[in-house]
Structures are given as structure tokens and as C-alpha cells.
Amino acid sequence: MSFTHNARGAYGRRNNDAAVGNGREETGGEPQIGGLPFWKPRDLRGEYIPNKKSKTGVDVPFMLLTLLILLIGVVMVLSASFPRGYYISGEPLKVFMRQVGFASSGIFLMYMASRFKLRTISRMAYLLLAASFFFLVIVLFIGIEVNGARRWLGIGGAGASTTFQPSEIAKLAVILSFAKWICACGPAKMKTFKYGILPFGIVIGAMVWLLMREPHISASVVIFVLAVIMMYAGGVKLRWFAMGAGILAVLLACVLFLNLRGSGINSDNLSIREQLSQIQWSSGRLGYADGRIDAWLNPEADPLGKGFQIRQSLYAVGSGGLLGQGLGQSRQKYLYLPEEHNDYIFAIVCEELGFIGAFLILFLFSMLIIRGFWLAMNAKDKYSCLVTIGITSLLAIQVFTNVAVVTNLLPATGVSLPFFSYGGTALWVQLVQIGIVLSVSREIPYPQEAVNEMPASQQNNRQKRAV
Amino acid sequence: MSEQVANTTTRGKKSRSLIFRTLFLQILCGIAAFSILVARLYNLQITQNDYYESKALQFQLSQTSLNASRGTIFDVNGNILAISASTVNVFISPYEIARDGYDIMQIANGLSDILNVSVLSIVEMSQHTDSHYQVVMFGVEDLEAQMVREFVRGNKLGGVYMEPSTRRYYPNDNLAAQVLGFTGRDNVGLDGLEERYDSQLTGVSGRTINLRNALGRNLMMSQYNDYYTARNGDDITLTIDSSIQYYIEKHLAQAIIDYDVINGASCIAMDPRTGAILGMANYPSFNPNDFLSIGERELERLSLITDDEEYQAALYQAQVRQWRNRALSDAYEPGSVFKIMTLAMAIEENVVSLNHLYDCQGYMEVLGREEDEPLHCWNIYGHGEQTIVQAMKNSCNIVCVEMALRVRAQTFYKYIDAFGLFDRTGLDDTAESRSLWWDESVFFNRNNQAQLASASFGQTFKVTPIQMITAAAATINGGYLMEPYIVKQITDGSGNIIEAAEPRVLRQVISEETSAIVRSILEEVVSSGTGRNASVRGYRVGGKTGTSEFVEQLSQQAEQVAQNEIPTVVKDYIVSFIGFAPAEDPQIIILLLLDTPSHETDVIISGGAMAAPVVGNMLADILPLSLGIKAKYSEEDLGDINVDTPSIINCSIADAQVILDTMGFEYIVIGDGDVVTNQLPAPNAYVVSGTRVMLFADADIPVEPVLVPSLHGMSYGAAKDTLEAMGLFVRTSGAPKSDNRAEVSVQSLPAGELHAYGSIVELTLINKDAIARN
């Protein structure tokens, strides 16, 4: 009872924030529907006036964008996975059917997650973080080894058919626990080193150290960037970020300098990219990544070796042209491009749907992310806001990294494309995260001016409920 | 309310700063990041689309080429001279053999047995383990290909493959070898007509283009699959007549043996009415099916070389020599054959009279020559007073010079130009060489007529055989210079004519009347002059002999003098003969030249003694058998010809005697039976009329072989008697045997060899008077 009361009480406070929105609206002069900016939450009929006796309900644009992207993703899995299934396993539809299963169950999980109050979930935040560390430790011992890296845990034992990456759980745990810590500390403490930097540094340092043991660079980087965004949103002073960036730059310069000195190359006339390519990347623990860096810097150098994958990916993307080869007409998916239904599915998308198609899909992602941040801004409270920021940022990081890898903007990493890449647990985790955002969106209060414009009967009803 | 406040601290109130930071993240993650990606995609997909698409297609498309069948080469009667047949190339993939661990020795031995390739070479190929394609043998025929297939399958081996190919076959082996040329194992024409008409013969190979997956399997995506049909090569029909070609090659080869010709020989047969080449032969020759192998005579010479490097160089030279179509490419000094041209221009210019007598004292002072070195006739005693006709019959140099001087140098060159002797004939521009003449400034010098004088009888300049015969044809065909041609028509695979050659008159050089006079004079040269050894019984043949000193040989002697070596006394010659028939309406003209007959044979080196009888033999075969011209024998001829013997076995002796009497044979009966049980020469043997036929009546033919005697220099009668006494029979060619100046020059069965009783010896008779070295 008290919970409900609190929640309703929050509506009253939201009015201030709505005023912030109004302020932007007046100066921005953006297109409006029904007297309100288009980004204002609305129900399925596009109206502000609820005709049900529920609360606001989930944010329909965010949910529809997710489902649309998921639908396109599943179709692309069918197109991309068909040839390998046809020629190798003899079951051309197997991957697709499994993905459909994952997607259906994932949608159910999303719905379930959206029904949970975020507050309920937040109670488990630190527990989830502890569990993540537990999994990250045990994966080093009982993890399934693929290509020299132990990143996967089998559900029901090492030989199980269903696997998941503890790093996926860790990402969610970081979002939930960091948000909780930030809220617990309050703005003032977050500006201090003791509360605003140190705890995060310890958690992330430990987590990255464990991930490097697997080794799993891409997850380390994603979690690191995610943590930085959480800290930024949490109110950490900007000078810390400036300092961090400065330290990173100095470190990189040292590495470059020492490597070039060591290899006796005069670096004066070389561009950064050329200098990078001169470095002996194979040294040390991260030796497995050296080929990827070489391939990234010069994909044509070793066409059948290390550069094969990225080169085939570029061929697929590049041969798409403006309009693409047509849905299902990819040629690179005929066993040329490895991981074509997985990490490199976007290359097939580019080849089949062309620049136009790829642009539209990126636009949908962009809309989803913008909408996510908007939901964060309008969220009921700071915790909801931070969690939504975390989840949306994570989505953005993954989409950006994946597409950047496929187009060779970044060295090859194992980041999948959310809602597109084949894989059960990853999809479930992503949809659960979306579910959490939807749960946040349910609790977004109606803007006061919307309530004011309602017909009197409903206004009364609404106000009755609101009080 | 206190709960509410507590809640605010734990759950947090969103600050203005949080909103702004969220907004910043929204722009960064939602717009900036995606802008970068879109820009990158634009760069890859729009700007660099062509580059990546073509790169991708290199992987994705597979091309299979469909061989176009190489066109066939026919002779004028549709006989096949060169044809392509389907074969396969057998190749191995050393990569796969190494990868899959097949036993290379087993493969090598097996392939070696079937294909007759050395084991070592296959093992050597297998060392290239990064290669997928090492051809073991090109042009393997079906039978062997099947054996290879069974060998590989039977032994469960891999890495051995076959690809379809075609191979060129020349069914007549050496026939017209230099004319046809040959193709390499990749079916590219490398020489002769195969090279010159390579693009027409090759056709356009087709190809299929398929989209394939990374495993190499074709995909059924029709928009990428394409099929271009192969267009087979065009067929070429030549003007060459296989039978004429066969006869000239046959007699040419015989002449090489008879006269031990050292430097090779050429022969061209042409239709003087059209300029169509009827036959063209060269020696040394080769077999285009196996164009690297050289002939026996050359091998003999090479076997004397011991040094390996020298041997390889000599072998290469011999190969080049045998491939060369010297009838087109080797300019030579035509010698007295050229007097035809001088005669024609003198008559056309009307500077000589047929009734006038011209004096030859054996030598002649010519402006420009040293006073103590007058120009000599080949007959240093002189021919005395002669008409033009007599002078030609005698091949008199002095009268020829006289004619040329009257024509004058400028007019002489005008005719040379008109006869096309300055230019290539256009038969084959790549193979033909240019002629070599004095510069006009030298030739037209009024104070130095030595060059004009020498040129009048075919010395001190060089023309190619094809130029010579083309110009000579113009003097006897009514005066028309024809453009020689060898390709009659080109037809596509379906038989449609693409290109058909028409006889082309370049110009009329002399009048019909002059031409008729030249024809009749040349006919007299053969009937009673230096060319009489070329006469063919029953036909009117015209012609002219030629013997030219070898200029290179002279310069070589000069070198020897310079090096204080004793110069060899013997001179080398090119002997030649140009003959045509029938004289009243020439249908064929043949030029034969033999380069450097050896001094080892007893035959006098001269065109009249050596080249003329060979051309006579060619005409004797070609006129009735190839051209279908019936012989018209005079009374005199009838006793002078070779005839077929009748079959009189099982006839009674009396009947046999009647038959033989009426046919003009003599006979002798051996044994005491009443019925002929056997006869020599055998029925249908081709022997001289008047042969003494041996009739065996209940008697056996002696089995002991007979030692063939030397007959050189004997008169016909003596030779016949000698041979018949020994149980051998005679067939003759060359000069008429009724000619009491005729003697045996060459015998087909060499002296000192053993031959079966009753063998026939072919005797070449030459007239002792017709051996002028001119």
C-alpha cells in the first residue's frame, strides 16, 4: 500500500520535470501533435487520454521499435543462415527456427520484465553483481573453451547445448548496481573521489581483470565504456574524465614511442595509422589479438589468413551498393563470409538491402536509442533514469561496435548485433533489458498539461487517481 | 511524508545536471555514433561499390570456357589437310596429392605406362606442392584418357585430372608442311597458314559463368549465370591440289636423293591463268604432327656433331630450316630462267626481229667491265650466228645481253616493275622476303652497263621463287600479271562462304601476241633446246632452264683467299627449271629449284640435266592424273612411252605372242610348256614399250637376287639390253629414248644393290646437248 502511495506521489513531483520539457518545446519549435511535442508518451492509439483503468502503460514507440528491429533481425537470420545450413549441416532452417523460438520466448521474458517494478529488480542489484563475479571466476575453470578463450558457461554442465556468457550478466549487473550506488550516494558524494571514483574503479578493475583472464577484450572494453557512461551520468566531475583521457593518451604515446624505438623505425614521417601498423602487437598476454589489429590496419595484406574475415565482410558490405542485391540474394553468405548469421550478419544486411536498407535499420536503432534516452529523461526517478541510461547506452555501444567492426572501422571483436545476431541467451538478456526499460516507461507520470487538456470526466478520474 | 523524503534520498531526485548529461549521451549515442556509421557505409557502399563488387565477384563467379573447335583446312577438292579432334589434357594437382597423401610413385608409374611420359618428369612436377595444375600430357586421345580414368579409379587415387582440349591432326603428314605450318599444343597456329589465319581458324571460345559458393559448387541464381556459345573456327579451302602437291613432293624428294642436293629445294606449281597456287613444296620438310622432329638426312648430318651445345644449336637451326617456306622467303639468283623476261620485253619493245641473225663469239665487251675481263657466254667457243629462237634454245648469254642493251636500262626496270619483281607478290606478306636489285643510280649509268648485262641473264640480283613464277606466268598466259593466291575460300562452321578469292589481274604487262611468241619459243626450248629433258611424251611442254652460281659461295672463297687458304675450285650452283603445259594453253606452270646439288654424283650440275627431267616427271604425272589432260601421242611418241604390261598368264603361248606383238612388246619364252604359267614383268607393270617380256611356261622364276649394275652414261639401248640380259626391266623418263644423244643420267635402283629378279629400274635419260650450265 505504501508503495502505491509513493508511486503516485511521484507524479506530483514529475510536474517540475514536465516544465523542463515545456521549456525545450517553446524554444525548439519542434513539430507537435495535438498541442504536445511528438516525443511525449502516448498509448497505442496515439492519444494521451487513457481509455483503460491502468497507468500510462508501456512506451509504445520504444516497444514497437524493438519488435520491428527484432522482426527484421529474425528474417535476416533466416536469409543469412540458410546457405550454411543447406550446405554444411543439411538443415537449412534449423538456425532460423531456433532463433524464432528464442525471439518468442524472449518477447515473453521482455513482457515479464516489464511487469516487474524496477524497485523490485533493484533490490537484487548487488546480489546480481556478486553473482556476476562468481560466474566470471568459475568460467575461468569450467568454461567452454573456444579458440583459446573461456567465455561461455554451459547451462547444466560444460557439455550442455545452451551456453551463456557471464559477461552478459555482468553488464546488466554493472548497470543496476552502479545506478543503485549512485542513488545511494547522492550528488554531493558522487563528486568526491572516495565515493564517485574509487568504488567504480575497484569493481571495474576487478571485472576487467577477470575478463582479461578469459581473455575477452571486447567485453572488457564494452563494460569499461559502459561504466564510464554510468559514472558520467551519475554526476562524476568532468575533470576526472579529462584526466582519464589524458592518462590514456599518454599511455598510448608511450607504447607507440617505445615500440617504434624498439623496432628502430623513424616515426617522424608516419601517420598514426602507419605507426600503429608498425607495432609488434603479438607481444604479451593479448597475443591472440595481434592478427586482428594487423588485419584491421591492412585487410588486403594477408587475404587468405588473418585478413580473410574482414575482407569478406568488406566485400559483402561494398557490393551492396545503393539498393542492395535484394533480400535473400546475398552472394557472400554462400560460405565466403564466416559468422554470417552471427557477428557479421550486418554485412549480409548491407549486401542484400544496400545502403538504403542499412541506413533504415541504423535509423531504427538510432530512434530506439534516442527514445531510450528520452525515457530516461522522463523517468519517474533518478534510479530509473540511470538504469535506462545504462541499458540504452549498452545497446548503443553494442550496435556501434558491431557495425564498426563489420565496416572495419574497429579491429575485429566478438560483439554481436543486438536483435540480429543469432544466439539465445544474448537475445534473452537484451529483451529482458528492453523489458526493464519498458517497466520504467510504465511508471512515467502523465504530464500535467496533458491531464489538463483531458475531458473533464476523465480529468477527474485521472486526478482522482493521481492524488 | 517522512517515508517519502527517505525515498527521495535513496531513489534519487533527477537533477538538472542529470537531464543535461542524459541529453548529451542521447546526442552522442543516438546521433553522432550513427552518423559515423552511416558515413562509413556511404563510403563503402556507394563510393567504393565498384571496387568491392568486382573483388567479390572474383571470388564468387566461376568461368568455364568452352573450346571452340579449330577450323579445318581443305585442299581445292575438299580433301582434309588439317583437322582438329577432341582430346584431353591430363594434369595433376601436386597440392592435392601432397595434402591427401597419395603415393606419387604409384601415380607417376601408372601415368608413365599409359601416356609414355617419363616417370622422372611427373615426380618433378609433383614437387610443386603449391600448384594445382601441372600438365602431364597435352592432347591425350580417348583411349588413353579412359585408361587413365580407370587407373585412377581402380587404385583409389586422386589428384589426377583431365580437361577437354583439342589436338590438331595433319592426316597427310608431310604434305604441304611449310604451307600449312603447325599449331602448338595450346592450339595456337605457330607457322604457315595456321599462323596467318590463326584468328579465323581459332574462332571464339564460349564460356559459362556461374555463381558458386565458397566450396566451388554452382548456385542456381539465374541472374548471375550466363552462357556464351562457342563459335567454331572458320574452315579454309586452299587452291592447293593434294594430288599435284603429292606429285611435286614425290619427285622433289627423289631429286634430292638422286642429285644429293645439299642446301634444300623449292618447287611451286601455279595455274598461270588465275595465279592460284596448285602446289608448293620445300625440302627439307617435316611432319606437322610432330614438327620438332627433323628428317633422316638432317639427322645423319647432326649425328656427326659430338658437342652437346653445338648439337642443340644445330638441331634448332635444322628445325627452323625445315619449317621455312623457302619458296616464299628465300630470294635467289634466277639465272637463265630469267631470260624469259628479257625475251618478253625485247619482243614487246620490238627491238629484235625474229628473222634477224645475232652473232655470239663466246665473249663480249661490255661498258663498265675491265677490258681484259669480257663477258663470257657459257659456251666460251661461241654459238655463232643464231636467230632469237636459236639463241633461246641454246640459252645464249651474249644474245640475251644484246637484247637487254637494246631495251635499255630504264625500260628494263620499267618491265621489272611491271612484272612485279620489285614488290612482294602479296601471297603472304609476313613470310615473303623482298627482292634485291641494283639501285637505279647504278643500273641506269650509261657508262657502266655491266649490271644490265648480267641482269639480262638473271645474275647479280635476287628474287624469290614466288616472284619468279608469277612473273614468268605473265609472259605465257597472254601477258597478264596475276596476283598469286593460295586461299580459295573461307567458310564458317555452317558452310556459309565468308570470303572467296577471285583471280585478280594486276595489269597486262605484254601483249597477247608477244605472249604467244614467248610460249612458242619456250616450247621449242623443251622440244629441241636445252630444256628437252623436260619433255613429256604426248604433251606440248614449254620451259626454260637455269643454272646460277652461288654468290655466297664466291664470297666465301674470297674469304679463304684473304686467309691465305687454298680456295676450293668447285663452285656451288642453284639449278632450276621453269616448265609449263600444255604449251598452247598453259594450265600449269612449275618452277623447281635445287640449291647446291653435290659434286659427288656423276650428273653434270645444270638446270637442263638435273631440274628439267624432274619437272618433266612432275608434268608427266600431273597432266593426266591431276588435271585430266589426255596425252596426244604422235607416231614417234608411241614407240617412246612407258606402257602397262598385259596379263597373259594362263594364255597359250601362241595367243600370248599375238597379244604382245600387237602391243609392240618383244618376248622370250622360257620353259617348254604350252601355256604361260607366269610372266615378267608382272601384269600391269609400267615399263617402256618394246620391253622384252619373259613368258614362263612350266618354268620357275629365278629366286636369286640380281646385282644392279651402274648404267650412268650409257645410251638407252645399251642400258636396256644390259638390264634385260640380267632379268631386270626398264622404265624411262626425261629425254626421248629415240634421241640418239640421250644417255642415262640417274637410275632408280642404285648400282651395287641387290634386287629381286624381274625388278623394274627407272632410268632418267638426258640429252647430252642439253646440259648447258645456264
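Please treat every number below as a calculation from the coordinates, not as lab data. Note that the coordinates shown come from a computational prediction; the quantities given were computed from them, not determined experimentally. Methodologically, a virtual Cβ is constructed for each residue, glycine included, from the backbone with ideal geometry; neighbour enumeration extends over all protein chains shown.
How do A:Lys189, B:Lys55, B:Lys632, A:Lys171 rank when sorted from fewest to most other Cβ atoms within 10 Å of their own Cβ?
B:Lys632, A:Lys189, B:Lys55, A:Lys171
For the stretch B:329-632, just say rounded, prolate or oblate: build the C-alpha gyration tensor, square-root its eigenvalues into a ≥ b ≥ c, call rounded for a/c under 1.5, and beyond that prolate if a/b exceeds b/c, oblate if not.
Working: a/c = 1.42, a/b = 1.37, b/c = 1.04.
Cα axes put the stretch B:329-632 in the rounded bin.
Please arrange B:Glu524, B:Glu636 by counting, for each residue, the other beta carbons lying within 10 Å of its beta carbon, fewest first.
Going from least to most buried by this count: B:Glu636, B:Glu524.
In nanometres, what is the gap between the two model label sites at B:Val675 and B:Tyr42, each 7 Å from Cα along Cα-to-Cβ?
Using points 7 Å along Cα→Cβ, the separation is 11.4 nm.
Please get the size of the charge dipole for the stretch B:64-238, origin at its Cα centre, with Cβ charges of +1 on Lys and Arg and -1 on Asp and Glu, quoted in debye to the nearest 20.
Taking the Cα centre of the stretch B:64-238 as origin, the dipole is about 580 debye.
For every other residue with a beta carbon closer than 15 angstrom to the beta carbon of B:Lys156, add +1 if it is Lys or Arg and -1 if Asp or Glu, then tell me the sum.
Taking every other residue near B:Lys156 into account, the sum is -2.
Which of the GluC sites (Glu not before Pro) across the stretch B:288-383 are loop residues per DSSP, with 13 or fewer other Cβ within 10 Å?
The qualifying sites are B:Glu365, B:Glu370, B:Glu371.
Efficiency by 1/(1 + (r/R0)^6): what FRET value for B:Ser511 and B:Glu549, r their Cβ-Cβ distance, R0 = 30 Å, to the nearest 0.05?
With a Förster radius of 30 Å, E is 0.30.
At what distance in nm do the modelled label points of B:Asp661 and B:Arg153 sit from each other, each positioned 7 Å from its Cα along Cα→Cβ?
7.6 nm
Along Cα→Cβ, 7 Å out, is where each label goes; now give me the distance between the ones at B:Ser689 and A:Val250 in nm to one decimal.
12.7 nm
Roughly speaking, what is the centre-to-centre gap between the stretch A:128-146 and the stretch B:96-135 when only Cα atoms are used, to the nearest Å?
Distance between centres, Cα-based: 54 Å.
Enter the mean number of other protein chain beta carbons within 10 Å of the beta carbon of each residue in A:344-351, as an integer.
1
How would B:Ile589, A:Ile121, A:Ile397, B:Ile240 line up from fewest to most surrounding beta-carbon atoms within 10 angstrom?
Fewest-to-most ranking of B:Ile589, A:Ile121, A:Ile397, B:Ile240: A:Ile121, A:Ile397, B:Ile589, B:Ile240.
Which whole number gives the average count of other chain Cβ atoms within 10 Å of the Cβ atoms across peptide B:15-21?
6
Give the average, rounded to an integer, of partner chain Cβ atoms located within 10 angstrom of each Cβ in A:307-316.
Other-chain Cβ atoms within 10 Å of each residue's Cβ, averaged: 3.
Run the numbers on chain B and let me know its relative contact order in percent, using alpha-carbon pairs under 8 Å that are six or more apart. Intermediate results must be reported in sequence, preceding the final value.
On the way: 1619 pairs, mean separation 81.2, N = 774.
Relative contact order comes out at 10 percent.
So if each residue of separation counts as 0.36 nm, and I subtract the Cα-Cα distance between B:Asp50 and B:Ala718, what length gain in nm does that give?
Result: 231.3 nm gained on full extension.
With the convex hull built on the Cα atoms of the stretch B:640-770, state its orientation-averaged projected area in nm².
7.3 nm²
If R0 is 25 Å, what FRET efficiency do you get for A:Lys117 and A:Ile202 from their C-beta distance, rounded to 0.05?
Calculated transfer efficiency: 0.25.
In whole Å, what is the distance between the alpha-carbon centres of the stretch A:162-197 and the stretch B:13-51?
Result: 24 Å between the Cα centres.
Compute the distance from the alpha-carbon center of the stretch B:437-492 to that of the stretch B:320-381, in whole Å.
The stretch B:437-492 and the stretch B:320-381 have Cα centres separated by 13 Å.
Which trypsin sites (Lys or Arg not before Pro) from the stretch A:72-140 combine a DSSP loop assignment with at most 12 other Cβ atoms within 10 Å?
Working: sites: A:Arg84, A:Lys94, A:Arg98, A:Arg115, A:Lys117, A:Arg119, A:Arg123; in loops: A:Lys117.
The qualifying sites: there are none.
Could you tell me which chymotrypsin sites (Phe, Trp or Tyr not before Pro) in the stretch B:100-142 are loop residues by DSSP with no more than 16 other beta carbons within 10 angstrom of their beta carbon?
Answer in residue order: B:Tyr133.
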